[in-house]
1. Which of the three applies to the chain, rounded, prolate or oblate, going by the alpha-carbon gyration tensor with a ≥ b ≥ c and a/c under 1.5 meaning rounded?
2. Looking at the chain as a GNM with Cα springs under 10 Å, which of ALA143, ALA157, ALA212 has the largest mean-square fluctuation?
3. Calculate how steeply helix 80-94 sits against the longest principal axis of the alpha-carbon atoms of the chain, using the helix alpha-carbon long axis, and give the answer as 0 to 90 degrees to the nearest 10.
4. GNM, the chain, Cα, under 10 Å: largest mean-square fluctuation among ALA80, ALA214, ALA20?
5. I'd like to know which of LEU47, LEU102, ALA117 lies farthest towards the positive end of the charge dipole of region 3-122, counting +1 on Cβ of Lys and Arg and -1 on Cβ of Asp and Glu.
6. Given springs between every Cα pair under 10 Å in a Gaussian network model of the chain, which of ALA184, ALA204, ALA96 has the largest fluctuation?
7. How many angstrom lie between the Cα centre of region 82-104 and the Cα centre of region 13-68?
8. If I model a spin label at GLU216 and ALA14 as a point 7 Å from the Cα along the Cα→Cβ vector, what separation in nanometres do I get?
Amino acid sequence: MTPELDAWRTRLAALAAAVAQADAGASDGAHDANHLERVWRNARALLPDHPHADALTVLAACYLHDLVNVPKNDPRRSRASRLSAELARRELAALAFPPAKLDGVAHAIEAHSFSAAIPATTIEAQIVQDADRLDGLGAVGLARMFYIAGRMGSALAHGADPLAAARPLDDRAYALDHVPAKLALLPGMMQTAAGRRVAERRLALLEDFRSAFADEWAGGATAAPE
Ligand SMILES: [Fe+2]
């Protein structure tokens, strides 16, 4: 990372922390400063495949993409990324961020969100979207999934049919249903080739976990050997 990029990383992390502190009710353990760091690290790993992508635009969007955090079960949820983009524009202008990059940062922030359904039309927005979605997969994604489900009051899984063999999926009611209902779709929605490879690897871990979970749920893993 260049010294200039590193200096911006420090400023952007401080800005995100200040906004989060001013709105303490909005931040949570799945969308905190550690999430922003992980998203930026994911994005950094994707950048070398895309040398024409602007690293500062990606960096700013990674740190500011969740500036306005709206809970999943809130009707304003689909507007959260637009609100984050507007707030990021104002805050970045006050920090004398390069004005020519503001549109690119705002687009990457708006387009990162699943619920906003805004197509990511720049490589920077595509990298940020992939980087954020990668944090929903793998071991950390699994921890975040149960954390968010807990905050929404969901059950761990359906009592008699945890794998939804004979019922429709319902990931609001059952946390485990979130794997097939949404997370399993993410590798196919990745915008970069490297993002897709990592997503597939991380999804495999979730699917193994889901099978082991269902086995234990049914008493299989604790049954005495015959
Ligand atoms: Fe995020």
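1. Since a/c reaches 1.5 and a/b is larger than b/c, the shape of the chain is classed as prolate.
2. ALA212
3. 30
4. Top of the fluctuation ranking is ALA214.
5. Projecting each Cα onto the dipole axis, the largest value belongs to ALA117.
6. Largest GNM mean-square fluctuation: ALA96.
7. 14
8. In this crude label model, GLU216 to ALA14 measures out at 4.4 nm.
The values are calculated or read from the model by the stated rules, or taken from the named source; none is laboratory data. Just so it is clear, the structure is predicted and the values come from calculations on it, not from any experiment. In this analysis, Cβ positions are derived from the backbone assuming ideal geometry, glycine residues included, and neighbour counts consider all displayed protein chains. Heavy atoms of the whole protein, side chains included, go into the accessibility calculation; ligands, DNA and RNA do not. Shrake-Rupley method; radii C 1.70, N 1.55, O 1.52, S 1.80 Å.
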